[in-house]
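See below for the structure under consideration.
The values are calculated or read from the model by the stated rules, or taken from the named source; none is laboratory data. No experiment lies behind these values; they were computed from the predicted model shown. Positions of Cβ are backbone-derived with ideal geometry, glycine not excepted, and every protein chain shown enters the neighbour counts.
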């Protein structure tokens with residue numbers, strides 16, 4: 001560190017003048033590139049490119065592997081053929097393979113990717129909202145609420161809204177849980193991060209107990225097995241008609257989060273500082289909370305509760321590209337998608353032709369990682385912090 | 001800090017539930033002036049400062065920056081005019097020093113607007129002025145208390161405030177950095193209101209002082225007017241000698 005006196009007065013005066021300078025008038029010519037972003041931009045692009053490569057590799061594997069394995073060349077050719085509407089590539093593969101890939105595996109891979117990306121960005125935003133990097137989407141109680149909603153429908157056979165009844169019930173269950181968590185956390189004035197987390201944990205515990213109670217008292221012996229899908233998650237139900245809602249939700253949610261990325265950064269500074277830096281903290285936190293809850297609810301509605309993706313992916317991504325949401329959010333969407341496709345691949349190939357619920361895989365991978373992270377953080381920061 | 005601003009606090013009271021924290025406080029800080037807020041723990045210094053950066057809304061009274069009631073303007077407008085150096089520290093996330101300093105630009109940026117070379121120049125200038133160049137890419141949470149304090153000051157500087165609020169800015173700092181921080185604040189020419197514990201530093205650097213007790217202003221004026229032996233005995237419950245520093249001539253409070 002330099003000594004205070006070694007700075008020339010002239011240099012200090014110049015720096016102070018810089019600090020006083022107003023922004024230059026808007027230039028109509030070339031768009032200004034961020035001089036600041038140049039720091040570490042190469043690294044960010046390299047990391048992003050690697051994740052994209054990994055994502056594509058996992059997606060290809062997802063198309064090839066299954067009860068019928070399809071060679072990479074055929075799988076690629078079928079995808080190109082399908083994407084081009086039949087204009088490219090002459091079919092020299094078996095028709096059954098094309099049906100498997102187009103009807104089953106492409107929607108499944110897309111669903112896994114969309115769910116993974118949604119969980120990743122939701123998790124990252126929730127961690128910023130509650131200013132606790134150890135939080136995840138399940139902390140809101142939304143996941144448990146969605147599962148409970150679905151179980152209520154199955155238990156009492158309330159099929160009133162057609163094929164999507166279960167999904168709608170799951171979504172509504174998630175929103176109801178969220179509203180309650182919100183109300184509990186707000187009681188008595190301000191909604192602090194700690195109250196939110198504690199309210200979410202309490203809500204999750206009550207809802208899980210309720211779900212178990214419904215299953216155990218059910219006259220239907222098959223219910224437990226069907227409920228497993230909601231509590232452990234899976235993409236076995238993937239079909240094209242299931243995709244539009246989660247895809248649109250992810251697109252809108254991610255766009256809104258990216259637009260607010262700078263403000264999300266401010267939340268990490270602490271509430272008082274965020275206010276001093278110009279953020280209406282209460283209102284912003286509420287908006288982001290509802291947004292992530294909707295995204296999580298829709299995710300659970302199509303794939304059940306898949307744990308740990310929203311908890312650990314944000315961590316890994318921050319280690320690689322830093323905590324600035326302008327970079328971390330797109331990266332976590334890609335990383336979440338990659339991880340979930342890979343987890344689904346393991347879930348459906350490890351005891352083939354049977355399938356494991358994908359939540360088991362993500363928990364088996366994510367749990368130990370999380371424990372390692374906790375211990376590492378404790379060492380790095382001192383347990384007192 | 002494009003130009004120093006004026007701060008008017010008019011009959012401000014703040015309470016938490018039933019308990020009054022600040023009672024009918026009125027203050028004026030002229031452009032470029034430095035006002036030190038003194039008082040024992042629990043006197044209401046921080047609660048008063050909170051009303052200036054729009055953290056807590058006064059139950060009665062108004063806070064005006066350049067004649068504008070801050071509760072009639074947006075949070076963004078206030079952050080463009082008032083900067084704050086506070087005690088809360090972002091230690092949970094792996095933010096680098098530069099990330100933390102760059103946060104100060106937020107209030108000046110539109111949605112989705114990228115950082116411009118102007119932003120980068122401001123951030124670089126603030127980092128150099130606070131002697132943080134070597135730490136720029138270090139995680140904030142690995143810094144010492146004093147280093148963190150300088151980062152938070154740099155963040156407030158890139159906010160380009162006209163009024164700077166500091167809540168016990170010399171905490172965590174050794175004597176050399178305490179002096180260089182206060183000297184630096186004077187050098188910037190920005191209007192400053194700071195809660196300070198050290199009476200001698202306050203007398204040395206502030207144009208005027210404001211002594212608080214139990215949420216009220218007990219005395220206001222130049223250091224000579226505010227720091228008297230009787231008043232220190234009354235407010236702090238200690239005996240002290242007030243003398244002049246033999247070389248600089250500023251007031252010197254010696255607990256006896």
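Descriptive notes on the structure:
- Scanning segment B:4-17 for residues that are outside any strand (DSSP E or B), surrounded by fewer than 19 Cβ atoms within 10 Å (Cβ to Cβ) and modelled with pLDDT under 95 yields one hit, B:17.
- Of the residues making up segment B:189-210, those that are farther than 18 Å from residue B:50 by Cβ, in contact with a strand residue (DSSP E or B) (Cβ under 7 Å, 6 or more places away or on another chain) and not in a strand (DSSP E or B) are B:190, B:199, B:200, B:202, B:203, B:205, B:206, B:207.
- The set of residues from segment B:79-88 being assigned to a loop (DSSP other than H, G, I, E, B) and facing another protein chain (nearest Cβ under 7 Å) comprises B:86, B:88.
- Residue check for residue A:203: within 14 Å of chain B (Cβ to nearest Cβ), modelled with pLDDT of 90 or more and touching a helix residue (DSSP H, G or I) at 6+ places or on another chain (Cβ under 8 Å): no
Yes or no, residue by residue, for (1) surrounded by fewer than 22 Cβ atoms within 10 Å (Cβ to Cβ); (2) touching a helix residue (DSSP H, G or I) at 6+ places or on another chain (Cβ under 8 Å):
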{"site": "B:192", "(1), (2)": "no, yes"}
{"site": "B:206", "(1), (2)": "no, yes"}
{"site": "B:209", "(1), (2)": "no, yes"}
{"site": "B:214", "(1), (2)": "yes, no"}
{"site": "B:219", "(1), (2)": "yes, yes"}
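- Selection status of residue B:20, modelled with pLDDT under 95 and at the interface with another protein chain (Cβ under 8 Å from one of its Cβ atoms): no
- Exactly one residue out of B:127, B:123 is more than 9 Å from chain A (Cβ to nearest Cβ) and not in a loop (DSSP other than H, G, I, E, B), and it is B:127.
- Only residues that are touching a residue at least 24 places away in the same chain (Cβ under 8 Å), part of a helix (DSSP H, G or I) and within 14 Å of another protein chain (Cβ to nearest Cβ) were counted across segment A:319-337, and they come to 10.
- Annotation for segment B:156-173: at least one member residue is over 25 Å from residue B:9 (Cβ atoms), surrounded by fewer than 24 Cβ atoms within 10 Å (Cβ to Cβ) and touching a helix residue (DSSP H, G or I) at 6+ places or on another chain (Cβ under 7 Å).
- Of the residues examined, residue A:48 is not one that is within 8 Å of another protein chain (Cβ to nearest Cβ) and modelled with pLDDT of 85 or more.
- Condition met for residue B:149 (in a loop (DSSP other than H, G, I, E, B) and buried (at least 22 other Cβ atoms within 10 Å of the Cβ)): no
- For segment A:216-255, a tally of residues being in a loop (DSSP other than H, G, I, E, B), under 28 Å from residue A:327 (Cβ atoms) and within 16 Å of the chain's Cα centre (by Cα) returns 0.
- Qualifying residue in segment B:211-218 (condition: part of a helix (DSSP H, G or I) and in contact (Cβ under 8 Å) with a residue 24 or more places away in the chain): no
- Looking across segment A:256-291, the residues that are within 7 Å of chain B (Cβ to nearest Cβ), closer than 20 Å to residue B:115 by Cβ and part of a loop (DSSP other than H, G, I, E, B) come down to A:268, A:269, A:277, A:278, A:279.
- Looking across B:99, B:92, one residue alone is under 30 Å from residue A:24 (Cβ atoms), within 7 Å of chain A (Cβ to nearest Cβ) and buried (at least 17 other Cβ atoms within 10 Å of the Cβ). It is B:99.
- Condition broken by residue B:148, with the remaining ones in (1) more than 9 Å from chain A (Cβ to nearest Cβ); (2) within 14 Å of the chain's Cα centre (by Cα) satisfied: (2)
Yes/no matrix, rows are residues, columns are (1) under 12 Å from residue B:159 (Cα atoms); (2) at the interface with chain A (Cβ under 10 Å from one of its Cβ atoms); (3) in contact with a strand residue (DSSP E or B) (Cβ under 6 Å, 6 or more places away or on another chain):
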{"residue": "B:63", "(1), (2), (3)": "no, no, yes"}
{"residue": "B:72", "(1), (2), (3)": "no, no, no"}
{"residue": "B:77", "(1), (2), (3)": "yes, yes, no"}
{"residue": "B:104", "(1), (2), (3)": "yes, yes, no"}
{"residue": "B:109", "(1), (2), (3)": "yes, yes, no"}
{"residue": "B:116", "(1), (2), (3)": "no, yes, no"}
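- Some residue of segment A:159-180 being crowded, with 23+ Cβ neighbours inside 10 Å, out of contact with any strand residue (DSSP E or B) (no Cβ under 6 Å at 6 or more places or on another chain) and in a loop (DSSP other than H, G, I, E, B): no
- Test: residue in segment A:264-280 that is touching a helix residue (DSSP H, G or I) at 6+ places or on another chain (Cβ under 8 Å) and surrounded by fewer than 19 Cβ atoms within 10 Å (Cβ to Cβ): yes
- Residue satisfying condition, being within 13 Å of another protein chain (Cβ to nearest Cβ) and crowded, with 20+ Cβ neighbours inside 10 Å, within set B:140, B:184: B:140
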